[in-house]
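Heads up: the structure comes next, in structure tokens.
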Amino acid sequence: MKRIIILLFTAAIFYSCEDVINPELEIAEPVLVIDAWINNLPDSQKVILTRTQPYFQNILPPAVSGAIVTITDQNGTVFSFLEDKPGEYVWVPSGNDVFGTLGLNYALSVQTNGETFVAESRMGRVPVVDSITFFVQEGNQFIDDLYQAEFWAKDPVETGDAYWIKFYKNGVQQNKPSEIITAYDAGFTKGGNFSGVEFIPPIRRAINPFDTDANDQLLSPYKVGDSVSVRIHAVTEAAFNFLNQVAIQTDRPGGFSELFSTPLANVSTNIRNLNTNGSKVVGFFNVGAVSGLGRKFNSLDDVTEN
């Protein structure tokens, strides 16, 4: 009898955990968001200005128009970003020009609504992506063969390089919160003593977009005919920390496990208002070099030993 009572009590607890609640959140004052990730690819560079909105408001963030946006390097060269669409400010290279020079410091200035917001960054270096290979994890009675990709690149000998590694499947960036890939030198964290070597396997193999079908069956990240490309973006140490905070705050497991997750909190920013008593700002400014490579999965002959 005691065992039955305990089971009924436990079931009641878990049943009560499924109650739906609709909390009423206080309306917060909108905050300026500056999204300024600049690189040296031969393409237009963008700074996006928006404002925050209520948590449950399922619409695009409101754009901020009419701002003056510039980036100035340490030698005094000014790059003017002109508004192309509401809230989207663009610098267009002329000819074969690209933005920036390795090792130089850059200062962002955004003037809007009578206030000036500033930030600083340095253009870091990146290693060359030498190659991309495919390997197979053989299936069993529960899963089919899983064909996966792996990129190969060697971090420079000197320590202190940080990266944001983006990857694309069939030309589409894979950008789930769980697919934010960062590296410090060739490892996960600062002080890991992985400089001057190939990126460690968990980073090299993080470019695989795992998913499941309607029956919750694990799908192969790639199949014959798919393509994969990798871009390594240099980031500052502050940007590295920012990206890891974004991953923690957005990759929420939900359900019972959420009780043991990191509490929700605002992520850091390197942007500040020149008026210390002025309005707040969030977002990030980073300038960094980029290297990349792509490859198509042409046939099973492309698969190497794991």
- line: Evaluated at 10 °C and 1.306 mPa s, the Stokes-Einstein D of region 110-258 based on the Kirkwood radius over Cα pairs, in µm²/s, stands at 92 µm²/s
query: Debye sum, Cα scatterers, region 156-206, no solvent: what log₁₀ I/I(0) at q = 0.17, 0.19, 0.27, 0.31 1/Å?
result: -0.53, -0.63, -1.00, -1.19
- request: Answer with one residue from I181, G114, Q217: the one whose Cα lies farthest towards the positive end of the charge dipole of the chain, charges on Cβ with Lys, Arg +1 and Asp, Glu -1.
  value: G114
field: Dipole magnitude (debye, nearest 20) for region 73-163, charges at Cβ of Lys, Arg, Asp, Glu
entry: 320 debye
statement: Lys and Arg at +1, Asp and Glu at -1: neighbours of G225 with Cβ under 14 Å from its Cβ sum to +1
Cα lying deepest toward the dipole's positive end in the chain, options G278, V128, S80, charges on Cβ: G278
query: Extension gain V118-Q53, at 0.36 nm per residue separation less the Cα-Cα distance, in nm?
result: 21.2 nm
- prompt: On alpha-carbon atoms, Rg over Rh for region 78-169 using Kirkwood Rh?
  reply: 1.15
- prompt: Whats the longest run of the chain with zero GluC sites (Glu not before Pro) that are DSSP loop and have at most 15 other Cβ atoms within 10 Å?
  reply: 159-304
- prompt: When the chain is modelled as a GNM with alpha-carbon springs shorter than 10 Å, which of L102, L32, L219 fluctuates the most?
  reply: L219
- prompt: Treating the beta-carbon of each Lys and Arg as +1 and of each Asp and Glu as -1, no other charges, what is the dipole magnitude of the chain about its Cα centre, to the nearest 20 debye?
  reply: 400 debye
Within a Gaussian network of the chain (alpha carbon springs, distance under 10 Å), most fluctuating of A149, A63, A239: A63
statement: Links exceeding 22 Å between C-alpha atoms in this model, out of K85/K166; K85/K176; K166/K296; K154/K223; K154/K190, come to K85/K166; K85/K176; K154/K223
field: Rel. contact order, % - alpha carbon contacts under 8 angstrom, at least six apart, region 85-158
entry: 21 percent
message: Only four residue types carry charge here, +1 at the Cβ of Lys and Arg and -1 at the Cβ of Asp and Glu. Report the dipole size of region 118-198 about the Cα centre in Debye, rounded to the nearest 20.
response: 360 debye
- prompt: Among T182, T159, T212, which one moves the most in a GNM of the chain with springs linking Cα atoms closer than 10 Å?
  reply: T212
- prompt: If the viscosity is 0.890 mPa s and the temperature 25 °C, what Stokes-Einstein diffusion coefficient in µm²/s follows for the chain when Rh is the Kirkwood radius over Cα pairs?
  reply: 110 µm²/s
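Each reported figure results from applying straightforward, stated rules to the coordinates on display, with no laboratory input. The model shown is predicted, which means the values in this text are computed figures rather than measured ones. Ideal geometry is used to build each Cβ from the backbone, glycine not excepted, and the neighbour counts take in all protein chains shown.
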